[in-house]
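Novice: Quick one: the structure is below, and I'll ask about it shortly.
No lab work stands behind these numbers, since they all come straight from the coordinates. Bear in mind that the values here come from a model prediction, so they are computed numbers and not experimental data. Cβ atoms come from the backbone with ideal geometry, glycine included; neighbour counts cover every protein chain shown.
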Amino acid sequence: MNKGWLVIRSRRSKVSFRLDRRAPAVILTLLLVTLTAMVISVGQGEYPIPPLDVLKTILGLEIDNPDYYFIVNTLRLPRTLVAYLVGVGLGISGTILQGITRNPLADPGIIGINAGASLAAVTLIVLLPSVPLFALPLSAFGGALVVALLIYLLAWDKGSSPLRLILVGVGLDAIATALITLMITFGEINSVSQALVWLAGSVYGRSWEHVVSLLPWLIVLVPLAFMMAKQLNTLNLGDDVARGLGSSVEWQRGLLLLTSVALAGASVATAGTIVFVGLIAPHLGRQLVGPTHEGLIPTAAMMGGMIVVLADLLGRMLFAPIELPCGVITAALGAPYFLYLLVRNRKR
Amino acid sequence: MRKSASPSVRGFIQPRSSPFIGLILGLLILILCLVASVAYGAADISFSTIYAALTSFDGSTEQLIIRTVRLPRSLIAMLVGAALAVAGAILQGLTRNPLADPSILGLQSGAALAVVVAVFLFGASSLNTYAGFAFLGTGVAAVLVYFFASLGRGGLTPLNLTIVGAAFTYLAGSLTTAILIVSQRTLDEIRFWLAGSVAGRDFTLFLQVLPYIVVGLVVAFALGRQITTLNLGEDVAKGLGQRTAWVKAIAALAVVLLVGSSVAVAGPIWFIGLVVPHIVRFFIGVDYRWVLPYAAIVGAILLLIADIGARLLIAPQELPVGVMTAIVGAPFFIYLARSKVTR
């Protein structure tokens, strides 16, 4: 093995990290690409704004056209920020999920966590249209949590098995989806239409309010995920090895699952079900920085953010002026990628 | 339990001696369910009126309700239940996979996508065009899911089939959603259909899908022996001189006919194809010559009951029957995943 490692140790505390040497450069590159895409995205629309003016407006510099302030700061910037944050959440959520199920094909969407979150949120939209925004992440988290707990309980048979976790998840997904259908069939047509757009996974019309209600979740959960990276590495070796190394497997898996669920729930609550980001981001991340989670988690986070920002941009450009929700784009690109992974994976 | 069974039920429980009696018994139950399904509803209608409506039609409102609303709906529920159950049985036999089901494999999502595309692009509104596109969608979905699942690690394992089916369902579902967002006209025309329901279908619809489903069923029944052999494993079947590729192709054709037409007339209805074959095999074993006809009857009974339940539960409103079957069927799927799938 001639892989380069970057080891970060602190003398005072017991914290130490062992990163793949490629990680910092990769993360920086992803960040640059994402920022560029965000600037283009903010400039894009019915009222195009040149990239330089976008930058100036965001930085608060002098510009000629006073309309730009409103368009950029009020309408477009929060939207693209939401896209980014949601992508970060989903990317990390998927990474954790793949880590604990030891299945490279796990995704919060496929095992019903997104559907649970959606069900709770759609119920709220359809039954109580006047509900305040901050209630959505909470209810979505609740829905995701219920599904996750059910998955865990139902898949339990003298310990939790990764295979059963996934199959049980698919079953629960069907129930949640059926209940969502029920809401859509009986709801009043306008709130149903709104719920549908939301369900498809869209950052349309997202405002600073959304940014503010999503941010606290990420501020708490992202560092938490990062701190548990080492446990994920251990779990990845298999339950028996992990136990042998002194891990309390079930506790750690439970806590990690909770983190993953909370991240997915908060993201779904803000932008609906953007599928396959949680699947793709960790994969591309792994190809770039290898499988150790200290480097993988931030890389997958950046990758997820980039994917959603790009998907949103693409969704608006493809059939302009009609806007496709970014969730449709990620599904259309993600499903084939998923199948590719499935095929490639058989050789292992 | 066996000892306490009454003589009339024994036909079900000791099948190998007389599976035929069970079949006749099933038909009787089916007829009972059919009568119940026609009799239950918003308007209270007596059995004598139902009988009269069928034998000596006099044009009264009640008889009209029976002939134009209740009867077609019940007949369609029966047909769809039978079609999906047989399709599920074939899929499970063919893939030797306890979790196979048209809805889990994404066949119905594929059919639904094709129909939505047809409504959106060509303004399709007749059931015949619905059916054509539904066949197309089912076929494409079947080929894709089967192909990719067999490429996964370990071949057509329950995990691979389920997970590819789920991915395909997501893809088709999100494309469907995309269309519904772009066009509210399509949404309004099709949202109730998308939930899976047999309400408001008339007699012409029944007659339109009848030939497809009958052909599908007949082809399926004719394949009973071959599917039994295939269920022993492909190598065994080949060893016994079966041309497995042909059998699979024809069986797939039957599945496409059955699923496509049932989706076209009733929308996606979940899990009937998963649950019924398990119930049937529990009673009469794995001889598909018997499994398939039994599945048809039990599927019809089950969907009739589910439809009655959908009407009664929140009367005077009613639930889409597809939602009912999903809520009842999914726990069964989870139970199977727990008990039948081991690595």
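Novice: Mind checking segment B:209-315 for trypsin sites (Lys or Arg not before Pro) that DSSP puts in a loop (not H, G, I, E or B) and that have at most 12 other Cβ atoms within 10 Å?
Specialist: Qualifying residues, ordered by number: B:243.
Novice: What is the Cα convex hull volume of segment A:156-272 when expressed per residue in Å³?
Specialist: Considering the Cα atoms of segment A:156-272, their hull volume per residue is 121 Å³.
Novice: If I take all pairs of Cα atoms in segment B:161-258, what percentage of them are more than 20 Å from each other?
Specialist: That tail contains 62 percent of the Cα-Cα pairs.
Novice: Return the long-range amide H neighbours of residue A:5 (sequence gap of 5 or more, or a different chain), with a cut-off of under 5 Å between placed amide H atoms.
Specialist: A:21
Novice: Could I ask something else about it? Say R0 is 45 Å: what FRET efficiency, to the nearest 0.05, do residue B:188 and residue A:237 get from their beta-carbon distance?
Specialist: The formula returns an efficiency of 0.25 here.
Novice: Continuing with the same structure: Is segment A:205-348 rounded, prolate or oblate when judged by the Cα gyration tensor, a ≥ b ≥ c being the square roots of its eigenvalues, rounded requiring a/c under 1.5 and prolate requiring a/b larger than b/c?
Specialist: Oblate shape, in that a/c is at least 1.5 and b/c is the bigger or equal ratio.
Novice: Which Rg and Dmax, in Å, describe the Cα atoms of segment B:207-343?
Specialist: 16.7, 58
Novice: Using only the Cα atoms of chain A, build the gyration tensor, take square roots of its eigenvalues as a ≥ b ≥ c, and label the shape rounded, prolate or oblate: rounded if a/c is under 1.5, else prolate if a/b is larger than b/c, else oblate.
Specialist: oblate
Novice: Still on this structure, I have one more. Tell me the net charge near residue A:43. Cut-off is 13 Å between Cβ atoms, residue A:43 excluded, with +1 for each Lys or Arg and -1 for each Asp or Glu.
Specialist: Around residue A:43, the surrounding residues sum to +2.
Novice: Regarding chain B, what is the average projected area of its C-alpha convex hull, in nm²?
Specialist: Its Cα hull, projected and averaged over all orientations, spans 18.9 nm².
Novice: Residues with beta-carbon under 11 Å from that of residue A:80, excluding residue A:80: net charge, scoring Lys, Arg +1 and Asp, Glu -1?
Specialist: Residues near residue A:80 contribute +3 overall.
Novice: Follow-up. For every helix of n ≥ 4 consecutive DSSP H residues, a contribution of -39,500 (n - 2.57) applies; sum these over the protein assembly as shown, divide by its total residues, and give [θ] at 222 nm rounded to the nearest 500 deg cm²/dmol.
Specialist: My calculation for the protein assembly as shown gives -24000 deg cm²/dmol from helical runs alone.
Novice: What number comes out for the charge environment of residue A:153, summing +1 per Lys or Arg and -1 per Asp or Glu over other residues with Cβ under 12 Å away?
Specialist: +1
Novice: Distance in nm between label sites at residue B:240 and residue B:317, each 7 Å beyond Cα in the beta-carbon direction?
Specialist: Between residue B:240 and residue B:317, the label points sit 5.1 nm apart.
Novice: Quick one: what does P(r) look like for the protein assembly as shown with 20 Å bins over all Cα pairs, in whole %?
Specialist: Reading the bins upward from 0: 18, 48, 28, 6, 0.
Novice: Rounded, prolate or oblate for segment B:13-165? Axes are the square roots of the Cα gyration tensor eigenvalues, ordered a ≥ b ≥ c, and the cut-off for rounded is a/c under 1.5.
Specialist: Judged from the Cα gyration tensor, segment B:13-165 comes out oblate (a/c at least 1.5, b/c at or above a/b).
Novice: Now for a separate question. Taking chain B as a Gaussian network, Cα atoms linked when under 10 Å apart, which of B:23, B:313, B:161 shows the biggest mean-square fluctuation?
Specialist: The residue that fluctuates most here is B:313.
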